[in-house]
Amino acid sequence: MNTTKAAAAALVAALGVTTLAACGTDDARDAAGKSGGPAPKTVTLVSHDSFNASKEVLAEFTRQTGFTVRVLKSGDAGEAVNKEILTKGAPQGDVFFGVDNTLLSRALDNGIFVPYEAKGLDRIPAALRLDKEQHRVTPVDSGDICVNYDKKYFADKKLAPPQTFDDLAKPAYKDLLVVENPERSSPGLGFLLGTAAKYGDGGTSQGEASGGGWQDYWKKLKANGVKTVDSWELAYNQEFSGSAGGKKAKGDRPLVVSYASSPPVEVLYSEPQPKVAPTGVSTGTCFRQTEFAGLLNGAKNPEGGKALIDFLISKTFQDDMPLQMFVNPVTNDATLPELFTKHGVVIDKPETMAPEKIAEKREQWIGQWTSLVLK
């Protein structure tokens, strides 16, 4: 998930590899994993760059299990998944975190995970357990990809912010929206899938756009001046006029594809913190994204990996996660921080799509989108 989380994680993302709670070396880990050697005491979590957790929480995992967590950050979500596919059977670590429902089929079809039914799984709604028959992945967090708006811009213009997909194509919002390329960006792909879930597919079996569906909707967005950039970072922190980064960069787009959790982040990192978030969420433009963790095929420390997956859905980790990665916990006993309850938005009816349909249509739709929007 390359997202609002990236803003908070930017300070640590450049480190690439982070060892938390204690120290552990690759040589020691490799030696421990050899036949006849002692059980390895380091468990390696491979993730996208936006993963973050408090040191205190990971130290608690070490206290409970004796395992030290080593975090290997491996690029954005798509890049990280592709690296694990390329190293299947000889993975970079023991657990992978960060494959979401838009990429899940690719990971499962390539066999990078082995089954493990996590302890405490019954505390997660069945609707989020997308591999409930085989338990190759475990849901860890969820979030909603939504259009965000700059409150000051719309107040100054005395213009009501758009609230639905239909609104975004209206002349009143011409040249105001910036989106991410779905071929390169997780939120960009989620937004495309949201429009496909909303409007249906107007393409033919040969992949050509035949009229109607999401394809016609994107033609309207293009005619209405939508701007496309390659990444969430560029869209949110350069082009969007409502973010702290966008203000510094003199961004001139008051509408951006981001997350429902973005407004609390703007509050948290403002000095002084405002009483009201400077950005809002267009609640009728959202697509639900769920992130999963799985035990990697060929893990050197499978027992440590299983313990870590259990911990990722523990109340300790789930309560810590919202202010570390700005996502929603998935367990029914987790507690949201006040920052989320005060400044966040609950999306009651986000657009969703079955992973099987995403797997079937993803590449075709991205190709159609490229032809429609970028050419």
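The values are calculated or read from the model by the stated rules, or taken from the named source; none is laboratory data. Note that this is a predicted model, so its numbers are computed, not measured. For neighbour counting, all protein chains shown are included, and Cβ atoms are generated from backbone atoms with ideal geometry for every residue, glycine included. Keep in mind that these areas ignore ligands, DNA and RNA; they rest on the heavy atoms of the full protein, side chains included. Shrake-Rupley method; radii C 1.70, N 1.55, O 1.52, S 1.80 Å.
Stokes-Einstein, applied to the Kirkwood radius of the range 146-302 over Cα pairs at a viscosity of 1.306 mPa s and 10 °C, places its translational diffusion at 95 µm² s⁻¹.
Provide the percentage of antiparallel DSSP beta bridges, counting only those with both residues in the chain; round to the nearest 5. Of all bridge pairs located within the chain, approximately 65 percent are antiparallel. With a length cut of 18 Å (Cα positions projected on each helix's long axis) and a Kyte-Doolittle mean of at least -1.0, go through the chain and give me the DSSP H helices that pass. Qualifying helices: 186-199. The residues of the range 259-327 expose, per residue, 31 Å² of accessible area to a 1.4 Å probe. For the chain, the mean residue ellipticity at 222 nm estimated from helices alone is -10000 deg cm²/dmol, where every DSSP H run of n ≥ 4 contributes -39500 (n - 2.57) and the total is divided by all residues, rounded to the nearest 500. At the listed q of 0.18, 0.20 Å⁻¹, the Debye profile of the range 222-313, built from one uniform point per Cα, gives log10 I(q)/I(0) equal to -0.86, -0.95.
Element breakdown for the chain at a 1.4 angstrom probe: carbon and sulfur atoms account for 51% of the accessible area.
So for the range 140-275: antiparallel DSSP bridges make up what percent, rounded to the nearest 5? Taking every DSSP beta bridge within the range 140-275, about 50 percent pair in antiparallel fashion.
If you roll a 1.4 Å probe over the heavy atoms of the protein chains, what accessible area per residue do you get for the range 48-97, in Å²?
Values: 1880 Å² over 50 residues.
On a per-residue basis, 38 Å².
For the pair residue 127 and residue 364, a Förster radius of 25 Å applied to the C-beta separation gives a FRET efficiency near 0.45, rounded to the nearest 0.05.
Of 363, 56, 266, 351, the residue with the largest accessible area leads and the full order is 56, 363, 351, 266 (1.4 Å probe). Counting only protein chain heavy atoms and rolling a 1.4 Å probe, the accessible areas of 63, 184, 129 rank, largest first, as 63, 184, 129. At q = 0.11, 0.20 Å⁻¹, what log₁₀ I(q)/I(0) does the range 255-375 have when each alpha carbon counts as one equal point scatterer in the Debye sum? Log10 of I(q)/I(0), two decimals: -0.57, -1.17. Computed across the chain, the Kirkwood hydrodynamic radius from all distinct Cα-Cα pairs reaches 21.2 Å. Positive end of the dipole of the chain (Cβ unit charges, origin at the Cα centre): among 45, 102, 316, the Cα lying farthest that way belongs to 102. About the centre of its Cα atoms, the range 74-159 shows a dipole size close to 300 debye [charges on the beta carbon of Lys, Arg (+1) and Asp, Glu (-1) only; nearest 20 debye].
Among 163-172, 317-326, 132-141, the peptide with the highest mean count of other Cβ atoms within 10 Å heads the list, and the full ranking is 317-326, 132-141, 163-172. Taking a sphere under 12 Å around the Cβ of residue 223 and counting the other residues whose Cβ falls inside, with K and R at +1 and D and E at -1, yields a net charge of +3.
For the range 311-375, the relative contact order is 20 percent, taking Cα pairs closer than 8 Å that sit 6 or more residues apart in sequence and dividing their mean separation by the residue count. Stretching residue 352 away from residue 156 to a fully extended chain increases their span by 67.2 nm, per 0.36 nm per residue minus the current alpha-carbon distance.
Each principal axis of the range 79-192 carries a Cα extent, and these read 56, 33, 21 Å when sorted largest first.
Per residue, the range 117-233 exposes an accessible area of 44 Å² to a 1.4 Å probe, with every protein chain left in place. The listed peptides 42-51, 225-234, 152-161, ordered by packing as a protection proxy, come out as 42-51, 225-234, 152-161 (highest mean of other Cβ atoms within 10 Å first).
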